[in-house]
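Worksheet for the structure shown next.
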Amino acid sequence: MNRLIYHLVAFLVVAIWGTTFVFTKLLLIAGLTAAQIFVLRFVVAYVLLFAYSLTRWSFRLFASSWKDELLMAALGVTGGSLYFLMENSAMIYTTTTNTSLIVCLCPLFAALLIALFYRSQRLHGLQIVGTVMAAIGVVVVVLNGHFVLHLSPLGDTLAFGACLCWALYSLLMIPANQRYNSLFITRKVFFYGLLSMIPYFIVSPEWPSLSLVLRTDVLLNLLFLGCVASMLCYLLWNWTIKKLGAVVVTNYVYFNPVVTVFFAWIVLTERITLYFLLGTLLILVGMYFCNRGR
């Protein structure tokens with residue numbers, strides 16, 4: 001029963017992340033940049049987590065060693081600043097389809113990367129079949145019957161960089177989870193994610209006006225992204241990695257485009273196609289094989 005709960009939580013996190021494109025798009029339309037949105041949502045998440053951490057008897061400000069502190073910094077960069085900057089920048093130079101397709105295939109790269117360092121987390125037999133099947137399902141959902149990709153070397157490279165960032169984040173979470181609790185790790189991810197954005201804003205020191213940030217629709221969207229999509233979801237994601245393992249949890253990223261399309265159908269009345277249903281079926285069966293094999 002406990003493992004079922006962990007799986008449901010991982011799916012819930014991906015489901016929430018799959019809806020964030022709507023809220024991010026609304027903020028972009030309102031006049032915020034991608035970097036500004038990232039910083040504001042991480043500031044909200046960090047302040048709330050830090051305040052909550054102060055109420056815990058086990059509160060600690062730093063890791064046990066400078067090596068572990070560097071590990072936390074690497075998590076903040078790979079799972080925070082660099083990942084978001086590369087993903088959002090990719091959509092400037094290439095299509096949303098290309099970006100979504102490349103980024104959502106990160107479980108494949110995460111599995112390969114983790115297998116190089118951790119024999120116990122390598123995929124075998126039915127699990128390999130399952131993750132490949134799920135990856136094919138992602139391709140079918142994202143392309144939606146239009147099998148033409150508009151190649152853009154710079155944009156596609158940035159998207160692939162974001163994909164590798166999340167794969168590396170999954171790898172680094174393994175030693176971090178062995179020594180620290182999810183609350184401490186998540187707080188550090190937000191802190192170093194924000195800290196590593198300083199060079200970006202030195203080069204591009206644009207900042208939204210206070211009146212824009214406090215506008216009701218903008219503020220509500222930022223609070224959702226900060227409180228739910230960042231603070232709650234990162235905390236739960238890191239917790240499920242501790243419980244189920246990095247490879248199993250990262251595979252749930254395959255559901256991201258499925259939730260996005262489904263949410264667009266509900267909110268934007270976009271059409272559900274046969275390709276979406278077929279791709280979703282492949283992802284579901286593939287995930288079943290992955291978990292069955294384990």
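Counting just the residues of the range 235-294 that are among the hydroxyl-bearing types (S, T, Y) and over 16 Å from A111 (Cα atoms), which one comes out modelled with the lowest pLDDT?
Step one: filter the range 235-294 for residues among the hydroxyl-bearing types (S, T, Y), giving 240, 250, 252, 254, 260, 269, 273, 275, 280, 288.
Okay, now just the ones that are also over 16 Å from A111 (Cα atoms), so 240, 260, 269, 273, 275, 280, 288.
Values: T240: 93, T260: 70, T269: 61, T273: 72, Y275: 73, T280: 77, Y288: 75.
Selected residue: T269.
Among the residues in the range 211-224, are any under 15 Å from S81 (Cβ atoms), out of contact with any Pro (no Cβ under 8 Å at 6 or more places or on another chain) and without any contact (Cβ under 8 Å) to a residue 24 or more places away in the chain?
Within the range 211-224, the first condition is being under 15 Å from S81 (Cβ atoms), and the residues that meet it are none.
No: the range 211-224 contains no residue that is under 15 Å from S81 (Cβ atoms), out of contact with any Pro (no Cβ under 8 Å at 6 or more places or on another chain) and without any contact (Cβ under 8 Å) to a residue 24 or more places away in the chain.
Name the single residue that is least open to solvent (accessible area, probe 1.4 Å) among those in the range 167-183 being touching an Asp or Glu at 6+ places or on another chain (Cβ under 9 Å) and assigned to a helix (DSSP H, G or I). Break it down into steps so the answer makes sense when it comes.
Kept after step one, since they are touching an Asp or Glu at 6+ places or on another chain (Cβ under 9 Å), are these residues of the range 167-183: 175-176, 179-180.
Still in the running and assigned to a helix (DSSP H, G or I): 175-176, 179.
Details: P175: 24, A176: 0, R179: 125 Å².
Step by step, filter the range 167-183, then rank; the result is A176.
Please note which helices (runs of 4 or more DSSP H) are completely contained in the range 198-249 and include at least 3 residues that are open to solvent by less than 10 Å² (accessible area, probe 1.4 Å).
Answer list for the range 198-249: 233-244.
Give all pairs with beta carbons closer than 9 Å in which a residue from the range 128-148 that is at pLDDT 75 or above meets a residue that is assigned to a helix (DSSP H, G or I) and basic (K, R); count only pairs at least 6 apart in sequence or on separate chains.
G130/R292
Write out, first by first residue and then by second, each pair whose Cβ atoms fall under 8 Å of each other, whose residues are 6+ apart or on separate chains, and whose first residue, in the range 22-34, is over 20 Å from V261 (Cβ atoms) while the second is part of a helix (DSSP H, G or I) and hydroxyl-bearing (S, T, Y).
Qualifying pairs under 8 Å: A34/T24; A34/S89.
The values are calculated or read from the model by the stated rules, or taken from the named source; none is laboratory data. Small disclaimer: the values here were computed from a predicted structure and weren't measured. Glycine also receives a Cβ, built like all others from the backbone with ideal geometry; neighbour counts cover every protein chain displayed. These accessible areas exclude ligands, DNA and RNA; they are computed on the full protein's heavy atoms, side chains included. Shrake-Rupley method; radii C 1.70, N 1.55, O 1.52, S 1.80 Å.
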